[in-house]
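Everything below concerns the one structure shown next.
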Amino acid sequence: MLGAGGTGAWAWQDGRRPAAADDLTSARAAAAVSDDASQVSGLTAQAAQAAAQGLTDQSRAELQQAVAAARAVLDGSAGQVSDDAVRTALASALTEADQALAGTVAPARAATLTASVSTAAAQVNQAQQAWQAARAAQAAAQAAAKARAAASPAPTSSVDPCRTTYTGPPFWTSVPTATGDGSNGNLPASSMTALSWTTDSHGTRFYLLTPAAQALERLNVAFRAAFGHNLDIDLAYRDYATQVAMRAALGTVAAVPGTSPHGYGKAIDVPELPCEYGWNSAQRAWLLAHGPSFGWVQPAWALQNGSGPEYWHYEYTG
Ligand SMILES: [Zn+2]
């Protein structure tokens with residue numbers, strides 16, 4: 001029995017041991033499970049924290065990237081948008097993002113700012129592209145117009161509208177001859193009147209036969225009303241001595257002394273240059289249209305297709 005008892009005791013002990021062992025194992029297991037849970041719990045928190053930090057870092061980096069790209073768009077679009085309001089909006093979004101980036105910015109806030117900066121930058125990009133397209137279209141239209149003009153030049157463009165046949169020395173207007181006999185280039189002062197508004201470059205007044213001068217005074221009033229300034233005069237009366245000198249200097253280009261309408265005090269020359277009164281000028285057109293009603297005309301020989309074209313020469317026929 002002892003043996004049995006012993007066995008029994010042993011057996012009991014044996015019988016207990018497993019139980020005890022089981023209890024211990026269970027306790028240990030429970031403890032282990034508890035430790036594991038604690039560890040798992042700790043690891044999970046760490047992971048969550050790391051994940052959260054990662055998200056913060058990532059969203060911040062994305063915002064910084066969007067800000068850098070948008071700033072380049074803003075800098076590169078100065079003067080290249082029609083309405084600067086889109087650039088003002090982008091600058092404002094960038095300021096807001098910069099202020100957020102100066103501190104800690106929550107991921108959600110960073111994402112919002114990234115979106116607003118990127119949207120504003122896209123709008124500036126779009127406006128800049130529209131501006132560039134409009135500019136290109138304008139340049140193309142100008143080039144096309146230029147090409148058309150080159151292909152079909154104006155009929156008169158190859159002709160200098162102020163081409164002058166005069167290449168001689170300068171001559172100035174003449175004063176009346178005190179004892180003039182009334183012949184060409186020898187008009188007495190009593191028959192002449194000086195124009196009221198101008199002199200030549202020597203300060204000599206421009207004399208004409210009195211009725212011619214009076215008619216030109218009236219013409220000048222109308223001319224001034226049309227153009228805002230007086231009629232320019234280059235030459236009026238020319239005395240006989242000057243006609244002889246001109247003939248000597250110019251040959252047949254100058255009138256035979258004693259035949260020039262300037263010698264009769266019935267002609268004027270307007271300035272040849274700087275072309276204000278040239279062939280196609282508004283001033284010449286006005287003088288041809290309105291001059292005759294004042295008795296002042298451009299004679300046939302002085303016209304462009306005449307025998308001696310002189311756009312500057314006008315005569316009194318009244
Ligand atoms: Zn003349």
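Considering segment 254-287, the residues that are touching a strand residue (DSSP E or B) at 6+ places or on another chain (Cβ under 8 Å) and either among the aromatic types (F, W, Y) or more than 14 Å from the ligand (Cβ to nearest atom) (or both) include one that is modelled with the lowest pLDDT, namely G258. Kindly provide the set of residues from segment 223-253 that are within 12 Å of the ligand (Cβ to nearest atom) and over 50 Å from the mean Cα position of the chain (by Cα), ordered by number. Those that are within 12 Å of the ligand (Cβ to nearest atom) and over 50 Å from the mean Cα position of the chain (by Cα): R238, Q243, M246.
Within segment 217-237, which residues are free of Cβ contacts under 8 Å to residues at least 12 places away in the same chain and not in a helix (DSSP H, G or I)? Scanning segment 217-237 gives G228, H229.
Residues are listed down the side, and each one gets a yes or a no for (1) at pLDDT below 90; (2) open to solvent by 40 Å² or more (accessible area, probe 1.4 Å); (3) β-branched (V, I, T):
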site	(1), (2), (3)
P170	yes, yes, no
T173	yes, no, yes
A194	no, no, no
A215	no, no, no
V221	no, yes, yes
H229	no, yes, no
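A count restricted to segment 270-291 and to residues that are touching a residue at least 24 places away in the same chain (Cβ under 8 Å) and farther than 16 Å from A225 by Cβ stands at 13. Using the structure shown, decide if A93 is hydrophobic (A, V, I, L, M, F, W, C), closer than 17 Å to A78 by Cβ and open to solvent by 50 Å² or more (accessible area, probe 1.4 Å). It is false that A93 is hydrophobic (A, V, I, L, M, F, W, C), closer than 17 Å to A78 by Cβ and open to solvent by 50 Å² or more (accessible area, probe 1.4 Å).
Could you check segment 273-318 and list, in sequence order, the residues that are hydroxyl-bearing (S, T, Y) and either more than 16 Å from A213 (Cα to Cα) or open to solvent by less than 20 Å² (accessible area, probe 1.4 Å) (or both)? Steps first, please.
Of the residues in segment 273-318, the ones hydroxyl-bearing (S, T, Y) are 277, 281, 293, 307, 311, 314, 316-317.
Listed by number, the residues that qualify are Y277, S281, S307, Y311, Y314.
Would you call E310 out of contact with any His (no Cβ under 8 Å at 6 or more places or on another chain), within 16 Å of the ligand (Cβ to nearest atom), farther than 27 Å from S190 by Cα and charged (D, E, K, R)? If you could, list the steps in order and put the result at the bottom.
Values: out of contact with any His (no Cβ under 8 Å at 6 or more places or on another chain): yes; within 16 Å of the ligand (Cβ to nearest atom): yes; farther than 27 Å from S190 by Cα: yes; charged (D, E, K, R): yes.
The answer is yes for E310.
If you go through segment 292-308 and pick out every residue that is at negative phi and touching a residue at least 60 places away in the same chain (Cβ under 8 Å), you end up with 3.
The values are calculated or read from the model by the stated rules, or taken from the named source; none is laboratory data. All figures in this text were calculated on a predicted structure; none of them were measured in a lab. For neighbour counting, all protein chains shown are included, and Cβ atoms are generated from backbone atoms with ideal geometry for every residue, glycine included. Protein only, heavy atoms only, side chains kept; ligands, DNA and RNA dropped before computing areas. Shrake-Rupley method; radii C 1.70, N 1.55, O 1.52, S 1.80 Å.
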